[in-house]
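Trainee: Next up is a structure, given as structure tokens.
The values are calculated or read from the model by the stated rules, or taken from the named source; none is laboratory data. Keep in mind that this is a model prediction, so the values were computed, not measured. Using ideal geometry, Cβ is built from the backbone for each residue, glycine included, and neighbour counts are taken over all protein chains shown.
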Amino acid sequence: MSVYTTDVLIEGVRRDDVLAWLADPSHHEAILTGAWGGLKPTGQGSWEVLVPTQFRTRPMTYQFDHVDEDHGGRRVHVTLGGKRTTGKLHWSLRTQKPSTNTLVTLHADIDTGGALGALAEQLGMRERLEQGFRAMTENVKKGVLGT
């Protein structure tokens, strides 16, 4: 299992407002746009993105799952799928001081599939996933701020 984490601070916006934006599955297309090598809707709240690497472009599915407010924080859960890209992703939100600042963290746990997956990660897949996830967090900030 490989872990990816990246975050972005959205200043001037309360956590509940960011959660409301992320809780709308239709906004997730804007999150994905430009972060990957391609984007294709595959259903309600579901898209296929292309993860280009040095040797092969891998399709990965991104499926909005649910919003979770059970444990003090706020999370939006997503399911990832595909060969060497199956896993879970969640967006977690924390309030920073002042209370109008929100830290948005993307956390993904991906099963790359054993030895071949580890090799694929070393040959550029990890770097490309990190780059795509960073772009997604920036897209959340742009979407929430309307820029």
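Trainee: In region 7-22, what count of residues is obtained for those that are modelled with pLDDT under 95 and in contact with a Phe, Trp or Tyr (Cβ under 8 Å, 6 or more places away or on another chain)?
Mentor: 0
Trainee: Right, something else. Scan region 19-67 for residues that are in contact (Cβ under 8 Å) with a residue 60 or more places away in the chain, of a type in the set (Phe, Trp, Tyr) and more than 16 Å from Thr85 (Cβ to Cβ) and jot them down.
Mentor: Of everything in region 19-67, just one residue is in contact (Cβ under 8 Å) with a residue 60 or more places away in the chain, of a type in the set (Phe, Trp, Tyr) and more than 16 Å from Thr85 (Cβ to Cβ), namely Trp21.
Trainee: Now, a different point. Checking the structure you have, find out if any residue of region 96-110 is outside any loop (DSSP other than H, G, I, E, B), modelled with pLDDT under 95 and more than 17 Å from Leu145 (Cβ to Cβ).
Mentor: Yes, region 96-110 has at least one match.
Per-residue answers, yes or no, for (1) among the charged types (D, E, K, R); (2) under 16 Å from Ala135 (Cα atoms); (3) modelled with pLDDT under 95:
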position: Thr5; (1), (2), (3): no, yes, no
position: Asp24; (1), (2), (3): yes, no, no
position: His27; (1), (2), (3): no, yes, no
position: Gly38; (1), (2), (3): no, yes, yes
position: Pro52; (1), (2), (3): no, yes, yes
position: Val78; (1), (2), (3): no, no, no
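Trainee: Looking at the structure I just gave you, is Leu119 at pLDDT below 80, surrounded by fewer than 16 Cβ atoms within 10 Å (Cβ to Cβ) and either in contact with a Phe, Trp or Tyr (Cβ under 8 Å, 6 or more places away or on another chain) or not acidic (Asp, Glu) (or both)?
Mentor: Working: at pLDDT below 80: yes; surrounded by fewer than 16 Cβ atoms within 10 Å (Cβ to Cβ): yes; either in contact with a Phe, Trp or Tyr (Cβ under 8 Å, 6 or more places away or on another chain) or not acidic (Asp, Glu) (or both): yes.
Here the answer is yes, as Leu119 does meet what is asked.
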